1. Between residue 534 and residue 466, 0.36 nm times their residue separation minus their Cα-Cα distance comes to what?
2. Between segment 317-364 and segment 55-93, what is the separation of their alpha carbon centroids in Å?
3. So how exposed is residue 313, as accessible area in Å² (1.4 Å probe, rounded to 10)?
4. In terms of the Cα gyration tensor, with a ≥ b ≥ c the square roots of its eigenvalues, is segment 355-462 rounded because a/c is under 1.5, prolate because a/b exceeds b/c, or oblate?
5. Nearest 0.05, what FRET efficiency do residue 206 and residue 186 give at R0 = 22 Å with Cβ-Cβ as r?
6. Treat each spin label as a single point 7 Å out from the Cα along the C-beta direction, and report the residue 430 to residue 391 distance in nm.
7. Which shape class, rounded, prolate or oblate, goes with segment 257-403 when its Cα gyration tensor gives a ≥ b ≥ c as root eigenvalues, a/c under 1.5 marks rounded, and past that a/b bigger than b/c marks prolate?
8. Please state the equivalent ellipsoid semi-axes for segment 38-177: what are the square roots of 5 times the Cα gyration tensor eigenvalues, largest first, in whole Å?
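The values are calculated or read from the model by the stated rules, or taken from the named source; none is laboratory data. Since we're looking at a predicted model, the values are computed, not measured. When we count neighbours, we look across all protein chains shown, and the Cβ atoms used for this are built from the backbone with ideal geometry, even at glycine. For the accessible areas, the whole protein counts, side chains as well, though only heavy atoms, and no ligand, DNA or RNA atoms are used. Shrake-Rupley method; radii C 1.70, N 1.55, O 1.52, S 1.80 Å.
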Amino acid sequence: MPTMKLNSEQQAAAHYQGTARHLLILAGAGTGKTRTIIGRILFLVKQGVPGERLLMLTFTRRAAKEMLLRLHNEAGKVADNITAGTFHHFCLQVMRRVPKAFGVEDRTVIDRDDAQSLLQMIRGERLKKGEKRDFPKAASILNYISYAKNCCLELENYLLQFTELDENTMTRLVEIAREYEQRKTERRYLDYDDILHLFVQGLENNSKLRDRIAGLYQHVLVDEMQDTNPLQWRILLALSAHAQLFCVGDDAQSIYAFRGADFRNVHEFDSRLPNAEILKLQENYRSTQEILNLANWLLEQSSIDYDKKLHAHRGRGLGPILMDFESKFDEAEWIATDLQERHEAGTPWSDHMVLVRSAWSAKTLEGALIERSIPYKFVGGTSLLEAAHVKDLLSLCRAAINSYDELAWIRYLKCWPKIGDATAAKIVKQLIALDPAENPLQVLDSTLAKREDIRHGIALIQQYRSEPNTALKLGAEHLGKALSQRYDRWESRLSDLRLLSDLALRYKDLLGFVEAYTLDPISNSEAEKSDQEDCVTLITVHSAKGTEAPVCYCLGVQPGMYPHMRSLGDKEAEEEERRILYVALTRAQNELLITRAGDSSQTVFHGGSFVHAATSSYFLEYLPSQLVEYQHFGYHHGHGGGSVLDELLDFE
């Protein structure tokens, strides 16, 4: 077994043999947390721990895959025996082994869009016409239900604590939520949150089951610990009764509170768990010291003690530049010009990353990039599986797998000409009334006798359930007859469906594939082949964790954005905004260019600094001048400064 080369901090964590039972590794940005987890696994295996007794939990399927690949390169076949995946994937795997113990027999996993559609139906049934306008939309109701579950709160308590809804609205909303839970049970659905929720219930209500599952593992290793929510904490707590926890995370990168992530799971780790110890990784391998000095300063301004200070393994380099522009158009124009000049000087487009607070805030820059024909990919937008035509194909698969899947049946049936809501609802009503032993094709034969095309699609998928690649390929060709009439650019959309078919090659059955990609949808950028064209990465900060680039532009770092206007007055929310900016700054390897534009109503220039009416909360308000090089750019007419057309300005 090879020994991995680690620095002193990484080695102290990976080779820990002290008295503490559970470890939290506080790993600052770019300090090699993945390397440390892999080093720990290699050490444990070398100490005689069997690979099958190790469980590695991550937050994305991609992260688990990358870790296993790196582990395979270091240790060979040992990696094949390790259980690795997301929390949702692990919990579902366990529940599928003993479905009765968790009450999930014959349940179909539905994604967020389907859950929202179900809530939309219930909302429509429950509310009178005049009530609908001012009542929370289905997406908001789903957020309330999800957040309450992940935070282990009763929905009533959550609504009282975190919303300003009136009493009547709260009462009606709770009724709709109860109906939603009942409808899921009747239709044999599981939404994302049910997977964790039912798993926790099963463990906590059945000590024999808990001990049996926890006893399967000697060590549980958790990546991105700062992203865990209270429900996931309870899973780790249950497993910790038998297994030792090795959790790696960074409290300064906890930026997903809107998904239920609990900052305290890291910050209070040693006070919550008996016999726990905290170790730190502070040697950064990504950035130069000048970039880290700015990031360290940002955390030092907080009232929270983050208790770490990054130092650069690479030493010194170029200092960050802070640039002020009169308008967001000037800001976008300057970035596009700078990118073009760097590329013309021989630097690949892919060396550059632009970090934005939201997809909306990137629109002006996107226009400038398109105008100059600068190739770019946007990360943080619509994922492949959120595309309508892809959902149509998956609805066909789901309907063939589960005759009670009301939402899938309605979507699939409505793909075909001359079938609307009324016809689809009538057919679905009969399908739901079927005995589990009966085949849904019988209903289609009687209700759609002259629509062989609809029946054939279901029969096709049923025939190839154990060959998901073939099922999806034939399903796409079959459904394409209807979809090509509905969607424009069909050839481009068909390539998405072919890609889906290729991705299914690694799965032994269609249910496994549908569940895997419903749980953790792949983004278009992830699905693209690695030999894609050289391009600039435009990315939201929430999508940027784990990424890096030689040159990073942080766009729009101005009052009202850092912290965001909506967080003002909420101390915890403002503090998370600080961590979002910290994540943005620490993506840069060699150069960090911070831009801000003064054309919003809250901001005006005053002697090189910002004066703003919005709030006194602005993270760079008292930034020491020695930490950045400051530049100010005035307003330019047109695209490149003056124009001969300016001579017309004094025409009367």
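1. Separation in residues times 0.36 nm, less the Cα-Cα distance, equals 20.7 nm.
2. What the calculation gives is 36 Å, centre to centre.
3. Here the accessible area works out near 100 Å².
4. prolate
5. Taking R0 as 22 Å, the efficiency between residue 206 and residue 186 is 0.35.
6. Distance between label points: 2.7 nm.
7. In terms of gyration-tensor shape, oblate.
8. Working from the Cα gyration tensor, I get semi-axes of 44, 16, 14 Å.
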